[in-house]
Amino acid sequence: MNLFGEAAAGAGLGIALVAVALWLSRSIDEQTKVSNPKPDGGYATGFESGYGKPAGLVRWITTVDHKDIGALYLLLGAVAFFWGGTDAMMIRTELFTSQVDVWNAETYNGLFTMHGVTMLFFFATPVLFGFANYFLPLLLGADDMAFPRLNAIGFWLLPPALLLVRFGLISDVGGHIIQPVLGQAAAQPFFELKPPETGWTIYTPLSAEQPNPTINLMLLGLHLSGVSTTIGAINIIATTFTQREVEWAEMDILSWTFLTQAGLILFAFPLLGSALIMLLLDRNFGTTFFAVEGGGPILWQHLFWFFGHPEVYILVLPPMGLVSLIIPRFTGRRLFGFKFVVYSTLAIGVLSFGVWAHHMFTTGIDPRIRASFMAISLAIAVPSAVKVFNWISTMWNGNVRLEAPMLFCVGSIATFIIGGVTGIFLASIPVDLVLHDTYYVVGHFHLIIMGLIPFAMFAAVYYWFPLFTGRMFNKTLARIHFWLTFIGVTITFNALIVLGMLGLPRRYAEYFPRFEPLQQVATVGAVIIALGTMVWMWNMLQSYRKGPIVTDADVWNLKEYGFFTGEWQWFEKRLK
């Protein structure tokens, strides 16, 4: 039954892709079917002279414009953010009480697996690539990315990758649609394709031995997303080295962080792809890469975390760049210690490949090896602290304007300090042996992944919203969004840190009743975050439709302080 369902899923996806390809080719043929070529290589009929981009859906499917592709990345990231956020709210709903009384344990396991994978691979990375695609050429003075068509391919690999990863849920929905029409027998194969329950780290031997065929689809989807990300990284590196019109010493801090991020991707993601292929071979062809008689389950942890911890900095460095870019604009001062911020970015990039085994302190590895990883894990906190010091020094005695982008930058610094300090404790072997696999780790990680990273993203969205849309957002709603999000994040994840210090292990749907009050506090905080997100979504949609039209490109009074940089100059030309 499972094999039939997997075959049906693969055939359905293949038919859908072929249908899209045929429709697309037909659309392109209709757009380009003209006659009487002119001497200059153009065409006499079909389009008017100087025609722009195709209209409607065809424009977005066929575009190679870096700004269009950046917008597509941001849209996909927003979809994944809401999808993964829905998983998170379902998790918190189950954890509101100590008993398993909302979902069952299998559904809970599937939820936190899909939540982690969706947020890391399909929300955070695509959003950052969206900003890179849209603004990197504008900041560097380039016309476009170095490889526009490769850029488009990199994006269009992501939607099928997301569908493959989340196919368990899609299959379940399809089964409920088919059941009343074709009966239980036809729908049963789709019900068998349930979401993976491996956890987002996909540890062996559990992931190698579970028979669920959607694990194979998830591994293929993750591999496809890795190919997409690697393509994007190559493009960022090539663009920075070959297309820039500024000298290295004059390059802005955001471009430096994008370049460092791309370098990390180039070394980290191919290793993840290799590990995923080895796990697929173990599952389907009887190889023993991660079996006891082969490399063993610990081999998976080494390979995964050699990718996994650089991945944390792949996600956090561009937000640090956004904070470093935006804070000076709203303080009226140059970034304090610019060169040290650049050096600290490069130092984090190098050191990030030497800390992976701090995720494995409890696995019984050689104590001498553990000590070396502890030393590097503590050392990597230094360049991170340099950034915080420079951000605060930039604001000191500056003309601070607490507009929405600046509020989110300040909030990101606050959450990063707490998240970073709690991480230093986990880098210490004796402390980690006590707190490993407790909610302390969840709280620490989410103060970064739901603190610094999305706060910097929201700051960038508000900062560049007039440039994106030509309209201004509602500033009151933006402030409400900030305070709801900041309060919700603070309540939720600090409660989880306390739960971890009290000894509550993570990843269980059921827990001892004495932990229930703090779990309920965390759930209330998550509801506050959700309310803030709905305020943001309403503000974005309404402002896009009916917001005040921007007539002066200097919406943030940047010319007065000398921060009217390349992207705003491009916007000013577009307004004229």
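The values are calculated or read from the model by the stated rules, or taken from the named source; none is laboratory data. Values in this document were obtained by computation on a predicted structure and should not be read as measured data. A quick note on method: Cβ atoms are made from the backbone with ideal geometry, for glycine too, and the neighbour counts reach across all protein chains shown. Protein only, heavy atoms only, side chains kept; ligands, DNA and RNA dropped before computing areas. Shrake-Rupley method; radii C 1.70, N 1.55, O 1.52, S 1.80 Å.
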Of the conditions (1) under 24 Å from the mean Cα position of the chain (by Cα); (2) assigned to a helix (DSSP H, G or I); (3) crowded, with 24+ Cβ neighbours inside 10 Å, MET145 fails just one. Which one is it?
-> (2)
Would segment 479-487 turn up any residue that is in contact (Cβ under 8 Å) with a residue 24 or more places away in the chain, touching a strand residue (DSSP E or B) at 6+ places or on another chain (Cβ under 8 Å) and more than 16 Å from GLY77 (Cβ to Cβ)?
-> no
So which of THR242, THR260 ends up being farther than 19 Å from PHE121 by Cα and open to solvent by 10 Å² or more (accessible area, probe 1.4 Å)?
-> THR242
Write out, first by first residue and then by second, each pair whose Cβ atoms fall under 7 Å of each other, whose residues are 6+ apart or on separate chains, and whose first residue, in segment 148-162, is at negative phi while the second is outside any helix (DSSP H, G or I) and open to solvent by 40 Å² or more (accessible area, probe 1.4 Å).
-> PRO148/VAL64; ARG149/VAL64; ASN151/VAL64; ALA152/VAL64
Kindly provide the set of residues from segment 451-488 that are more than 15 Å from GLY321 (Cβ to Cβ), among the small types (Gly, Ala, Ser) and in contact with a Phe, Trp or Tyr (Cβ under 9 Å, 6 or more places away or on another chain), ordered by number.
-> GLY451, GLY470, ALA478
Answer yes or no as to whether GLU192 is at pLDDT below 90, among the acidic types (Asp, Glu) and surrounded by 17 or more Cβ atoms within 10 Å (Cβ to Cβ).
-> yes
In segment 167-178, the residues that are touching a residue at least 60 places away in the same chain (Cβ under 8 Å) and open to solvent by 10 Å² or more (accessible area, probe 1.4 Å) | PHE167
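Here is a yes/no grid of residues against (1) touching an Asp or Glu at 6+ places or on another chain (Cβ under 6 Å); (2) part of a helix (DSSP H, G or I); (3) under 21 Å from LEU518 (Cα atoms):
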site	(1), (2), (3)
ASP87	no, yes, yes
MET90	no, yes, yes
THR93	no, yes, yes
PHE96	no, no, yes
THR118	no, yes, no
THR125	no, yes, no
Filter segment 540-563 for residues that are open to solvent by 90 Å² or more (accessible area, probe 1.4 Å) and either more than 30 Å from the chain's Cα centre (by Cα) or β-branched (Val, Ile, Thr) (or both) and give the result.
-> ILE549, THR551, LYS559, GLU560
Residues being within 28 Å of the chain's Cα centre (by Cα), part of a loop (DSSP other than H, G, I, E, B) and crowded, with 17+ Cβ neighbours inside 10 Å - total across segment 564-574 | 0
Just for segment 183-206: of the residues that are out of contact with any Asp or Glu (no Cβ under 8 Å at 6 or more places or on another chain) and outside any loop (DSSP other than H, G, I, E, B), which one is farthest from GLY294 (Cα to Cα)?
-> GLN184
All but one of (1) of a type in the set (Gly, Ala, Ser); (2) free of Cβ contacts under 8 Å to residues at least 24 places away in the same chain; (3) under 30 Å from PHE571 (Cα atoms) hold for GLY141; which doesn't?
-> (2)
In segment 92-120, which residue that is polar (S, T, N, Q) and surrounded by fewer than 22 Cβ atoms within 10 Å (Cβ to Cβ) is nearest to LEU169 (Cα to Cα)?
-> THR107
Considering every residue within segment 337-346, establish whether at least one is surrounded by 15 or more Cβ atoms within 10 Å (Cβ to Cβ) and at positive phi.
-> yes
Condition test on VAL431, is it without any contact (Cβ under 8 Å) to a residue 60 or more places away in the chain and within 28 Å of VAL521 (Cβ to Cβ)?
-> yes
Under 6 Å by Cβ, and 6 or more places apart or on different chains, what pairs join a residue from segment 60-88 that is touching a residue at least 60 places away in the same chain (Cβ under 8 Å) with one that is among the hydroxyl-bearing types (Ser, Thr, Tyr)?
-> LYS67/TYR134; GLY70/TYR134; ALA80/THR118; TRP83/THR118
Test: residue in segment 309-320 that is open to solvent by 30 Å² or more (accessible area, probe 1.4 Å), over 20 Å from the mean Cα position of the chain (by Cα) and under 18 Å from PHE416 (Cβ atoms) = no
